[in-house]
Each structure stands twice: as structure tokens, then as C-alpha cells.
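Everything on this sheet refers to the single structure shown next.
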Amino acid sequence: MIQVSGLTKDYGARRAIDNLTFEAKQGEILGFLGPNGAGKTTTMRILTGYMPPTRGEASVAGFDIISESLEVRKRVGYLPETVPLYPDMTAFDYLMYMAQLRHLENAEDCVDDALEMVGMEERADGLVGKLSKGMKQRIGLAQALLHKPEVLILDEPSIGLDPGQVVEVRKLIKNIGQERTVLLSTHVLPEAQQLCDRVMIINKGQIVAEDTPGNLQARLVGAERASLRVRGKADKLLPKIQQIKGLENASLDSDGSLQFHFSPKKDVRPEVAKIAVNAGFDLLELKAVGMSLEEIFLELTREEKTAEPESE
Amino acid sequence: MRNIWTIARREYDLYFISPIAYIILFTMMLVLGIIFGVNVLGASQAGVFGGYVPDTTMITNSMVFMFLLSAPAITMRLLADEQRMGTMELLLTAPVRDVELVLGKWLGAFMFILTLIVMTLVFPLMLNQFTVPGIDWKFMLSGYLGVLLVVSAFLGIGVGISSMFSNQIAAFFTTLIVLVLLWWLIGAPANLLGKGGELFDYLSMQTHYYDSMAQGKIFLEDIIYYLSLTSLGIFIGTISIELRRWR
């Protein structure tokens, strides 16, 4: 459905994406994960026919994105990062306008279907400019779903939605992804884990990892991390807990809490707690610290560096 | 074709919910009404002494001047606003050719002004009632054809310039400057040079109107001039959108 090979885009001297190669099959939800400026939006804009690449080839739904751009655009539903809406139009009129530009037969039915899919039937006659951010996002999504596209490209689809709506939208994307191809970008890791069949992590325009969310998780979580907080100064506690076997990298944080890593095979937390209490400290808090996206990137780049000499 | 029409229809509808369009519409009719009233009244008083009979150029020539000032306000938002609102991304990823987009925008603006021009027909009709033996219809239609062609070129240039900006005000002033340049200033060297200044005289927008259609004379050359200028504007608009993609 989506085939990309050697895709490169330069903005002047800056290289936004560098030699990307990947594919997405029908019935697959492919997640694009990466920090801001990693090249997610650029890649999506190229695939939707908004801008041509500097180098490389790509085809969407069997059509070349450069020479058959109009055919590609007919078959792609696209929700850009900044939702493109006309504030002076009603939601219904806006979708009708898009339906007419796409030459849809039974345009009115298509609009009604799309509004129903995103749960906005009741606000169809309201001005788009008066809608809340989450509702605007959903109208934008309705616009992308209007023509029941073969390929759906969504740039940060759940941004600006409240938690209830996020669940709804994810459910919707999951449903669509069963038959069609979905490429979505996000920088929310749990979202990618829940939704995607496959995740691609992109950083500085390059793919740094590509796998199923489960595999990726397993590869990344080599060590778990926890933080401990006691009443008073924890510096005297530090040497004591450093003696525990299986505990690594214990350090004192600037806010007075202790941070430490341990292997998932041996949970040292009960021992840490016991030592703290025995040493006469009042234990206030002991919690697991999740891995943030930034740390995953650090982890990934570190992995790449150590992996390189082996492969050569 | 269908896309051009869809885009034009939306633009046309949008004018009727924007204040600027109503201001232009109202001012236009008011000023034309005053000009009409003053002329007819003046002529009727002078008529006692065997004075002149007013013709429709007072309407058409005034309209051309007012469109020169208002066309930039009509076209300024056409593509600039799409750029500002981010909806350009929507249009450029919809199955619509760039040229269809620009043509649709131009047509929407043209249809709006056409509506206005149709409304001004009330003045020639009244003049026909007030004068004996009535007005020269061929002369009037020639003038109106001239207005349509001039407006077409104004809007073509305006839409082309609107494509280069994401700020409406910048688009407005640039268009106004270019129109003033093409209408008046470019002809100035012709007067200074006398012989040898024919090129400037040819380029000047106003000679193709005042020297022909405003006088009831229709030349193919003038029609081609205005249509070329319109196409040039639309072409520039298309190219500038294309360039935005490559940027």
C-alpha cells in the first residue's frame, strides 16, 4: 500500500529526512514515532502529494507520488498536524465542500457517515470556528475519512483531545486499520503501543528502529528504574543501598530523592525499602520511573553505537 | 472544470458573509448613484438652455476607477488566507490541480464583481427613461464589455499576487501598487518620449479601455490584451503555488 525507498528531503541546507526506506501493507497500522523535527511531518507531506521529495521514490496505493500525484491524492485521507478548517463554514458545509472537490457520489451521505464516525452529527450545523479544539480535530478527521480512503495518513491524530475522546479516536483508527492502511505519527509512546501493528522510530530524519511495539519494548527495557524519597537528607543512605547486589547507578537527585536502576530479573526495591527503614529514615515514597521517549532515544543511539563494531 | 466551479462557488458564497464585500457593494452603488444624480440633474437644468445629454460613460468610467481601488480588496484574501489558515495543505493534498485552484479563486471573485456590475445596470436603464430618444445601447454594451475585461485583468493580477503572500494586507498593497503602475504610471514615458514610446503606450492598461471600448469601439487587440493579462496573473499564481511545494 505504501512503499518508500531512499526518500530524502532537503530544506535548503538542512536535511529533513535522509534516505528513508519502509513499507506498510494493507490492513496495517504503522506508527511513526519521534521527537519534534524528526521528519515525521515532512515524510507525510511527501506521501500525500503536498511536496515532492528531493530524492528517492515512493508509491501509495500503487501510484507513484510524483508522476501520478492526483491518483494518489484521490486515494489518501490526510489529517495534517494543524487541522485545516474554514472557521466561517459550518461543519456540514465544510465537509460538503471537500466531498465535492473529491467528486463523491452521494456527497451528503458520505458527509453524514463521516460525521457519525467521529461522533459529531449533532454539531454539523455549527460554525467550525466556534468548536472546541477536540471537536475541530474530529472534524479534521471526518474530512480525512470522507471518501473512505485506501490509505489514511494522520499527523498527531490525538493531540488536543480530552482523554475520553482520545479513547474514541483510537478505537476508530483501530477499526479503520483492520481493512485499510494507516500511517500515523505520534510522540506519545503508549498510543503507539496500543494502536500500531508496527512502530518506526525516526530521529533526525533517519529510522533508528523498526519493530512491533512488543519487541521494541522488550529490546529497550534492559533496566528498570525507581526513585526513593525519605524525610530529611538522603545522602547518608546512598552508600548503604549501593551495597545491594543487582542495584546499579544509584545517585542523589537535585530534589533530594535517590534514583537507582536494577535488572528486571531481580527486583531490589523491597531490599532498598528495608535498608532505608532499618537505618532510621522515614520512607515517604518509592516509585517506579517509566522510560520517557527521550530516554528511549538515548537508549537507541547507545545501542546503535555498540552494535556497529559487531556488525562490521 | 468541476473543481474550478466548486472552488468558485465557495468563494462566491464567502463574499456574502464578509463585511468588505458589502462595504464595496454599498460604496459602489452610493458613489455611482451620486454621480448619476448630479449628471442627470445638471443636464436637465442645462437642457433648458439646449445643453448636453449625458451618456453611460459616466457610469462605466467611474466603475473602472472604483474597481481599480477595490479589486485588491476583493482578491487579497483569495490565496493568502488559505496559506495563513493552513488550509492550503488541505487543497494541495486534495485531488485538485494547482491551476484549477487558482482559476476557481479567480472565477469566484469575478462572479462576485459580475453580480455588482449587473446591479449597476439600473443606472443605464434609468437614463434610458430620462433621455429622448433613449440611450445608445451598443455604446453602453461596449463600455460594459470594457469594464468586464478590465476587471478580469485586475482580478487575474490580484489572485496571482495573493498567491505569494500569507498576509492579506501585504497582498492588498502589492496588488494596488501593481495596478496603479500598470494603469497610469507605465504610460507616462510614452508622453515624455512622444515617438518611440509606443511600447509603453501599449503596455498601459488604460489606453486599451479609454481609447476604444469606452468610446464604443471594440477591437480584438484590446480584448486579447486584457485576456492575456488575466492569464498572466493566473499563470503567476499557479507557478508560485508550485514553487511553494518545492520550497
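The values are calculated or read from the model by the stated rules, or taken from the named source; none is laboratory data. Quick caveat, the model's predicted, so the values are computed rather than measured. We place every Cβ from the backbone using ideal geometry, glycine too, and count neighbours over all the protein chains shown.
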Among B:Ala188, B:Ala153, the single one that is in contact with a helix residue (DSSP H, G or I) (Cβ under 8 Å, 6 or more places away or on another chain), surrounded by 14 or more Cβ atoms within 10 Å (Cβ to Cβ) and not in a loop (DSSP other than H, G, I, E, B) is B:Ala153
When residues of region A:6-52 are limited to those that are over 21 Å from B:Glu89 (Cβ atoms) and charged (D, E, K, R), the one surrounded by the fewest Cβ atoms within 10 Å (Cβ to Cβ) | A:Lys25
Selection status of A:Pro87, surrounded by fewer than 21 Cβ atoms within 10 Å (Cβ to Cβ), closer than 18 Å to B:Arg97 by Cβ, at the interface with chain B (Cβ under 10 Å from one of its Cβ atoms) and modelled with pLDDT of 90 or more = no
Among the residues of region A:90-106, which ones are under 18 Å from B:Glu100 (Cβ atoms) and surrounded by fewer than 19 Cβ atoms within 10 Å (Cβ to Cβ)?
-> A:Gln100, A:His103, A:Leu104
(1) in contact (Cβ under 8 Å) with a residue 24 or more places away in the chain; (2) more than 14 Å from A:Val182 (Cα to Cα) all hold for A:Phe32 apart from (2)
Which of (1) within 9 Å of chain B (Cβ to nearest Cβ); (2) buried (at least 21 other Cβ atoms within 10 Å of the Cβ); (3) among the aliphatic types (A, V, I, L, M); (4) touching a Pro at 6+ places or on another chain (Cβ under 9 Å) does A:Leu70 not meet, given it meets every other one?
-> (2)
Subset of region B:191-247 that is within 14 Å of chain A (Cβ to nearest Cβ) and part of a helix (DSSP H, G or I) - its residue that is surrounded by the most Cβ atoms within 10 Å (Cβ to Cβ) = B:Ile241
Determine, yes or no, whether B:Ala94 is under 30 Å from A:Leu152 (Cα atoms), part of a loop (DSSP other than H, G, I, E, B), hydrophobic (A, V, I, L, M, F, W, C) and within 14 Å of another protein chain (Cβ to nearest Cβ).
-> yes
Which number in (1) modelled with pLDDT of 85 or more; (2) charged (D, E, K, R); (3) over 30 Å from A:Thr8 (Cα atoms) marks the one condition that B:Glu242 misses?
-> (3)
Sort through A:Val199, A:Val169 and tell me the only one that's farther than 19 Å from A:Tyr50 by Cβ, at pLDDT below 85 and more than 14 Å from every other protein chain (Cβ to nearest Cβ).
-> A:Val169
Could you check, for region B:109-121, whether at least one of its residues is modelled with pLDDT of 95 or more, within 14 Å of another protein chain (Cβ to nearest Cβ) and touching an Asp or Glu at 6+ places or on another chain (Cβ under 7 Å)?
-> no
In region B:20-35, which residue that is modelled with pLDDT of 90 or more and surrounded by 15 or more Cβ atoms within 10 Å (Cβ to Cβ) is farthest from the other protein chains (Cβ to nearest Cβ)?
-> B:Ile35
Which of the residues spanning region A:113-130 are surrounded by 12 or more Cβ atoms within 10 Å (Cβ to Cβ) and either part of a loop (DSSP other than H, G, I, E, B) or touching a Gly at 6+ places or on another chain (Cβ under 6 Å) (or both)?
-> A:Val118, A:Gly119, A:Met120, A:Ala124, A:Gly126
At least 3 residues that are within 14 Å of chain B (Cβ to nearest Cβ) and more than 19 Å from the chain's Cα centre (by Cα) in each: list the strands (runs of 3 or more DSSP E) lying fully within region A:1-58 that qualify.
-> A:2-11
B:Ile17, sole failed condition from (1) within 14 Å of chain A (Cβ to nearest Cβ); (2) assigned to a helix (DSSP H, G or I) = (2)
Only one residue in B:Met140, B:Met85, B:Met76 is crowded, with 16+ Cβ neighbours inside 10 Å and within 14 Å of another protein chain (Cβ to nearest Cβ), so which one is that?
-> B:Met85
